Amino acid sequence: MKNAKADWKNLPTLPLFLILQKLDVPDNLVRFGVVCKYWHSVFNNFLDSKRRSSLTLVPMLLIPSKKRNIGRKLYSLQAKAKIYSIGLPESHTKRSFSCCYGWLAAVDKKLVITLLNPFKGGITIDLPEIEIETYQRSSLGYQHDIKKVFLSVDPLLHPDDYIVVTIYSIYSKLAFYKPGQRSWIYLDKNIMLIHDVIFYKNLVYAIGSWNKIVSFDVNIDNLDDTWKSPNLKTVISAQYQRLKDYIYRAHLFESSKGDLFSIYREWGVVDDNDHLVRFTKNFKVYKLVLDDQSGELLEEKEVKNINGDIVFVGNNQTLVVSALDFPEAQPNSIYFTDDYFIGSYYKPYGPRDIGFFNLKNGSMGKHYQFEPQHTFLSPYIWILPSVKFKLSSA
């Protein structure tokens, strides 16, 4: 049968799976799925199989629960919006920060930061007290004296070699801690208004207001309590004309391919019954090219493509997932939660500014509908579950 044509639409599942394995670009996967109904069905089965076998995790949304004082809910963006229950000690109204590797951080009245891993039997690590001058304390209470907490590696896997960096005080200053230290090491007091931190190529990078980015090295052996603050290197000087106004938040992230990017989340403001309400109106992303030896900035350019990745920003350590591991999401998108904690912004409306932003076409959407009964409870945050939790809950 020389003139017989290949029946591409009805190829067996196995060769189609092999084809999908080779399509390592998210846009190509999407094109495959729209060829016909049969290929779309194979595409969905492939995604389900990949999700079950993959060790790469997708962040989940940690949301409060009014029913139990120790209760929280985990909202999955993958499993058809499935919700799991999880217990946290005294979590009813207590503000938590998501670090990474499944860890949360909380602060008590003595300004002692505690790391908690709810996926590892609730194991905790108490860190030293943060020293904050009275005039630098938040009027919203001690839970707002700490802005964010960041982990370099998983403390369970590297109990003697992890680093914790925190943004603290109303001036958003920096301090870091290494195991064995009796106190935090505080960085240059003139470095303030920091928004986000990342561990990148053996250095710590911090981004703050007006695009200022600094780096410093904390990989010092034999630290003792007399060791002074590391020297800070300016990667990008403050650029006061970068944005038309000050209403924005800056983030740093490393893409799945190892590139460094900065993000600017721009807010708009509306007057709703004499209450100023802020909402996310846009994101701008810049790729940062650094010299491998000196760490100096070689190039900074605005981009609309972040290697197809999905980025999660909010009151947490910024998280990144490849679109190949989260095919349900839109490639080159930013999922965000409300993290504006100034004055009484959350009252009476609550942290409603949540959604996702498509970087390529500028469209916005919702990944979770804010519940009014959560107005006076802890805000939503992104948390990365453990593989064990993922597999046992699927």
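Of the residues making up region 303-349, those that are assigned to a loop (DSSP other than H, G, I, E, B), at pLDDT 90 or above and surrounded by fewer than 19 Cβ atoms within 10 Å (Cβ to Cβ) are 304, 305.
Going by the conditions given, is residue 311 in contact with a Pro (Cβ under 9 Å, 6 or more places away or on another chain) and closer than 30 Å to residue 106 by Cα? Considered against the rule, which asks whether it is in contact with a Pro (Cβ under 9 Å, 6 or more places away or on another chain) and closer than 30 Å to residue 106 by Cα, residue 311 comes out as no. So for region 97-112 (the condition being modelled with pLDDT of 90 or more, touching a Leu at 6+ places or on another chain (Cβ under 8 Å), more than 15 Å from residue 316 (Cα to Cα) and not in a loop (DSSP other than H, G, I, E, B)), does at least one residue qualify? Among the residues of region 97-112, at least one is modelled with pLDDT of 90 or more, touching a Leu at 6+ places or on another chain (Cβ under 8 Å), more than 15 Å from residue 316 (Cα to Cα) and not in a loop (DSSP other than H, G, I, E, B), which makes the answer yes. Could you grab me the full set of residues in region 115-168 that are assigned to a loop (DSSP other than H, G, I, E, B), surrounded by 15 or more Cβ atoms within 10 Å (Cβ to Cβ) and among the hydrophobic types (A, V, I, L, M, F, W, C)? Within region 115-168, 119, 130, 132, 140, 156, 163 meet the criteria. On inspection, residue 191 qualifies as surrounded by 14 or more Cβ atoms within 10 Å (Cβ to Cβ) and closer than 27 Å to residue 248 by Cβ.
Restricted to region 169-188, and to residues there that are part of a loop (DSSP other than H, G, I, E, B) and within 16 Å of residue 234 (Cβ to Cβ), the residue that is least open to solvent (accessible area, probe 1.4 Å) is 187.
Filter region 270-288 down to the residues that are surrounded by fewer than 12 Cβ atoms within 10 Å (Cβ to Cβ) and in a strand (DSSP E or B), then identify the one that is modelled with the highest pLDDT. Step through it out loud before you land on a result.
Our first condition is that a residue be surrounded by fewer than 12 Cβ atoms within 10 Å (Cβ to Cβ); within region 270-288, this holds for 270-274, 276.
Checking which are in a strand (DSSP E or B) leaves us with 270-272, 276.
On the way: 270: 74, 271: 71, 272: 68, 276: 69.
If we take residues in region 270-288 being surrounded by fewer than 12 Cβ atoms within 10 Å (Cβ to Cβ) and in a strand (DSSP E or B), then 270 is modelled with the highest pLDDT.
The values are calculated or read from the model by the stated rules, or taken from the named source; none is laboratory data. None of these values were measured; they are calculated from a predicted model. Virtual Cβ from ideal backbone geometry, glycine too; neighbours counted across all protein chains shown. Just the protein is used for accessible areas: all its heavy atoms, side chains included, with ligands, DNA and RNA removed. Shrake-Rupley method; radii C 1.70, N 1.55, O 1.52, S 1.80 Å.
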